[in-house]
């Protein structure tokens, strides 16, 4: 007699929509909370090799907080692929230019960096203002776990 490990059917997984207000929240704590929901770790049917997570809508991305001197000292670096193409930008300037990208990058750093992670990050919708176009999905406000 052997017990079988339960693996949920991909078609039967129920995906909910959550809305998170980023106003006044610390970036890293918000990102880790959002990453857990995208991965599905809050569900009892969590399976590491399947996408069992829910959709997350983040509003007011421009009003997210960071602690310490991160706005001036944290750098986002990349290379264009051309000779001498190393570029960098501070968190403060990226927050002014594209606040949605700051939250997306923070969450991306907390989920798997593979094809499953790319599937999960598509379920993250970030908006700089207080409104979003996903009212038809009836998103549930996410309660703080603190």
Could you pull the Cα extents of the range 78-120 along its three principal axes, largest to smallest, in whole Å? 33, 27, 12
Provide the percentage of antiparallel DSSP beta bridges, counting only those with both residues in the range 18-146; round to the nearest 5. 35
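Rounded to the nearest 500 deg cm²/dmol, what is the calculated helix-only ellipticity per residue at 222 nm for the chain, with -39500 (n - 2.57) per DSSP H run of length n ≥ 4? Could the numbers behind the result be given before it?
Values: 5 runs with 41 residues, N = 146.
Helix contribution divided over all residues of the chain: -7500 deg cm²/dmol.
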Could you tell me the extents of the chain's C-alpha atoms along the three principal axes, largest first, rounded to whole Å? 62, 38, 28
With bins 5 Å wide starting at 0, give me the P(r) of the range 105-146 over every alpha carbon pair, in whole percents. 5, 15, 21, 21, 22, 14, 1
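Only the coordinates and a few stated rules stand behind these numbers; no lab work does. These numbers were taken from a predicted model, which means no experiment stands behind them.
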